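See structure below.
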Amino acid sequence: MYEHYKITDIVDEANNVKTFVLDKKILAKPGQFVMLWLPGVSEKPFSLSSDNAITVKRLGVFTERLFKMGIGNELFIRGPYGNSFLDFAKEGNKYLIAGGTGAAPLSFFAEWLNENPTVLLGARTKDELIFERRFKGVLASTDDGSHGIKGMVTDLFNEIKIKNNSQFFICGPEKMMAAAVGKALEHTQEENIILSLERYMKCGHGICGNCEIGGLRVCVDGPVFSYSSIKDNEHFGKFKRSKTGRLEYEL
């Protein structure tokens, strides 16, 4: 069942990235997602950047239409669905590793914590880096060197002394996450590496099977997983998927 929300503010976060602030809170925890329906277009899953906002990158017909909406326009949302980063968080040191718009759900998570985790934040360029000021204790990287160190977000592991047996929470492009897992495994156990996965979803209820990974369904078994639960899946971080959820080609 859809709830009606009105847009009360629109924030330009970066090049082709906007945050849509809503008129009321969604009773969600960090890492959960909602299904957003635009009548006459389609329905898409989005993670939350706060309990009353979604942060969206313009990419395709759906987001093009969303970007044309203004303050006062109405959105139709169902959810939240899935589990949360909080289901995996335990006492001890934490590192949050975000690539691109993966910073959105992790910033929501950071604000729930009673501690200041170390944040490794990466993007292609300075113009695509989001939420740097929202985090505390941030190290940034850009592919072109326009901000922070020049390189991938995984290169930031070399800039700090990692404390062993810490937890690592990772969100971003899947190829980047796979590389970050490799770095994190040098310092901690598989169960301490927590990933937020993105898949095409049609239902959000575990029925359609579009979001399956190794027998798990991202919409109901995730979207947050420990690496230990998906490590044996040969497709993680290696393949691009079509809109039907099928594997298309190797990354």
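The set of residues from the stretch 186-199 being buried (at least 20 other Cβ atoms within 10 Å of the Cβ), not hydrophobic (A, V, I, L, M, F, W, C) and not in a loop (DSSP other than H, G, I, E, B) comprises N192, S196. Count of the stretch 58-91 residues, restricted to those that are assigned to a helix (DSSP H, G or I), among the aromatic types (F, W, Y) and in contact with a Gly (Cβ under 9 Å, 6 or more places away or on another chain), is 1. Only one of the listed residues (K202, K183) is charged (D, E, K, R), within 16 Å of K94 (Cβ to Cβ) and buried (at least 17 other Cβ atoms within 10 Å of the Cβ). That residue is K183.
Within the stretch 26-52, which residues are within 15 Å of the chain's Cα centre (by Cα), more than 19 Å from G99 (Cα to Cα) and of a type in the set (A, V, I, L, M, F, W, C)? A28, V34, M35, listed by residue number.
Residue under question is E174, and the condition is that it be touching a Gly at 6+ places or on another chain (Cβ under 6 Å) and either buried (at least 16 other Cβ atoms within 10 Å of the Cβ) or closer than 29 Å to K18 by Cα (or both); does it hold? Answer is yes for this residue. Entry remark, the stretch 5-25: residues being buried (at least 18 other Cβ atoms within 10 Å of the Cβ) and within 17 Å of the chain's Cα centre (by Cα) number 6 in total.
Criterion first (in contact with a strand residue (DSSP E or B) (Cβ under 8 Å, 6 or more places away or on another chain), of a type outside the set (K, R), within 23 Å of K29 (Cα to Cα) and free of Cβ contacts under 8 Å to residues at least 60 places away in the same chain) does L216 satisfy it? It is true that L216 is in contact with a strand residue (DSSP E or B) (Cβ under 8 Å, 6 or more places away or on another chain), of a type outside the set (K, R), within 23 Å of K29 (Cα to Cα) and free of Cβ contacts under 8 Å to residues at least 60 places away in the same chain. Checked against the criterion of being in contact (Cβ under 8 Å) with a residue 24 or more places away in the chain and β-branched (V, I, T), the candidates I149, I170 yield just one match: I170. Of the residues that make up the stretch 8-18, is at least one assigned to a strand (DSSP E or B), without any contact (Cβ under 8 Å) to a residue 60 or more places away in the chain and either in the same structural domain as L185 (by TED's automatic domain parsing) or among the acidic types (D, E) (or both)? The answer is yes, given that some residue of the stretch 8-18 is assigned to a strand (DSSP E or B), without any contact (Cβ under 8 Å) to a residue 60 or more places away in the chain and either in the same structural domain as L185 (by TED's automatic domain parsing) or among the acidic types (D, E) (or both). Against the conditions (1) modelled with pLDDT of 75 or more; (2) more than 22 Å from T118 (Cβ to Cβ), K243 satisfies every one except (1). Those residues that are in contact with a Cys (Cβ under 8 Å, 6 or more places away or on another chain), over 17 Å from N192 (Cβ atoms) and part of a strand (DSSP E or B), I need them from the stretch 96-121; list them, please. Within the stretch 96-121, A98, G99 meet the criteria. The number of residues in the stretch 63-79 being closer than 19 Å to I10 by Cα and surrounded by 18 or more Cβ atoms within 10 Å (Cβ to Cβ) comes to 4. Per the conditions (1) buried (at least 17 other Cβ atoms within 10 Å of the Cβ); (2) among the hydroxyl-bearing types (S, T, Y); (3) over 25 Å from L139 (Cα atoms), the sole criterion not satisfied by S42 is (1). When K126, K150 are checked against the criterion of being more than 24 Å from Q32 (Cβ to Cβ) and at pLDDT 95 or above, K150 stands alone in meeting it. Against the list (1) within 23 Å of V17 (Cα to Cα); (2) assigned to a loop (DSSP other than H, G, I, E, B), the condition K161 fails is (1). Within the stretch 119-156, if we keep just the residues that are of a type in the set (S, T, N, Q) and in contact with a Gly (Cβ under 7 Å, 6 or more places away or on another chain), the residue that is nearest to A180 (Cα to Cα) turns out to be S141. Listed by first and then second residue, the pairs linking a residue in the stretch 74-85 that is closer than 17 Å to S42 by Cβ to a residue that is surrounded by fewer than 20 Cβ atoms within 10 Å (Cβ to Cβ), with Cβ atoms under 6 Å apart and 6 or more places separating them unless they lie on different chains, are E74/H4; E74/K6; F76/Y2; F76/W37; I77/E3; R78/Y2.
The values are calculated or read from the model by the stated rules, or taken from the named source; none is laboratory data. As the structure is a prediction and not an experimental result, all values here were calculated from the model. Cβ coordinates were reconstructed from backbone atoms using ideal geometry, including for glycine residues, and neighbour counts include every protein chain displayed.
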